[in-house]
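The values are calculated or read from the model by the stated rules, or taken from the named source; none is laboratory data. Since the model is a prediction, treat every value here as computed from it, not as a measurement. Because the Cβ atoms are built from the backbone with ideal geometry, glycine has one as well, and the counts that use them run over all protein chains shown. For accessibility, only protein heavy atoms count, side chains too; no ligands or nucleic acids. Shrake-Rupley method; radii C 1.70, N 1.55, O 1.52, S 1.80 Å.
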Amino acid sequence: MKNENNILPIKKEEKVLVVGELFSKMRYQGAGSSSMNPYKLVTSKDAFDKNKVKYEYVLGYKENTDEVNEKLEQEVLEKADNFDKIIFFGGLTELFESEGYDRETLSLPNNQLSLLNKLSKKHNVICVMFGGSPFEMPFNNDVKAILNMFLPGQAGGEAVRKLLYGEVSPS
């Protein structure tokens, strides 16, 4: 959706900080009746590790709540200065969108928005977003790149890695 100043693809020698629980708990399918057991789920973390991508990971937020955790945020902010690029994994989890109820807002969870707002003020942030429905992106003008993966399926993590590192083009 966005690639300001050609921040993507990431070069293998760049120091990368990965932030967000959706890195290891990737949202790859819908919730409710569309849920199924994948044959082999490959998260972004799985794909990064299998391909020996050099990165450091910080949780940053919990995917099962909306509440800001200042301790988790502070850990990210203290480390972020030491990296060339920050990859923020976020989006809508099953807690915030599913069948059987209407969403009351188009916002992402507050904990993600708070952290993104603080990170993007002074860092090169690349957002990898997941979700099955629209959401507002008030951070659009502040982040350098946005890769919207929607619900990418069981091999979505490998697709994310290939897109971020330029092995395939998002176009």
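Derived scalar couplings between HN and Hα for the range 147-164 equal 10, 8, 8, 6, 10, x, x, 5, 9, x, x, 5, 4, 4, 4, 5, 5, 5 Hz in order, rounded to whole Hz, by the Karplus curve 6.51 cos²θ - 1.76 cosθ + 1.60 (θ = phi - 60°), x for Gly and Pro. Using a Gaussian network for the chain with springs between C-alpha atoms less than 10 Å apart, which of these wobbles most: Leu106, Leu151, Leu17? Answer for the Gaussian network model of the chain: Leu106. The listed residues Val19, Val53 rank as Val53, Val19 when sorted by accessible area, largest first, using a 1.4 Å probe. Rolling a 1.4 angstrom probe over the protein heavy atoms with all chains in place gives the range 17-171 an accessible area of 51 Å² per residue. The listed residues Glu63, Glu99 rank as Glu99, Glu63 when sorted by accessible area, largest first, using a 1.4 Å probe. GNM remark for the chain: springs join alpha carbons under 10 Å apart, and the peak mean-square fluctuation among Arg161, Arg27, Arg103 falls on Arg103.
Measuring only protein heavy atoms, the 1.4 Å probe finds Asp49 accessible over about 70 Å².
Solvent-accessible surface of protein heavy atoms, probed at 1.4 angstrom with all chains present, puts Glu13, Glu94, Glu21 in the order Glu13, Glu94, Glu21, largest first.
Give me the net charge for the shell around Val168: Cβ to Cβ below 13 angstrom, other residues only, Lys and Arg +1, Asp and Glu -1. Please list the in-between numbers first.
Numbers: positive: Arg161, Lys162; negative: Glu158, Glu167.
Here the charged neighbours net out to 0.
Of all DSSP beta bridges confined to the chain, the antiparallel ones make up roughly 10%.
Would you kindly state how much longer the chain becomes between Asn51 and Asn64 on full extension, computed as 0.36 nm times their sequence separation minus their alpha carbon distance, in nm to one decimal?
Contour length minus Cα-Cα distance gives 1.8 nm.
Given a 10 angstrom Cα cut-off, can you work out which residue in Phe135, Phe48, Phe88 is the most mobile in a GNM of the chain? With Cα springs under 10 Å in the chain, the top fluctuation among Phe135, Phe48, Phe88 is at Phe135.
For a paramagnetic label modelled on Ser107 (point 7 Å from Cα along Cα→Cβ), amide N atoms under 16 Å away belong, within the range 47-89, to 65-69.
The alpha carbon gyration tensor of the range 65-171 gives principal lengths a ≥ b ≥ c with a/c of 1.5 or higher and a/b no greater than b/c, which makes the shape oblate.
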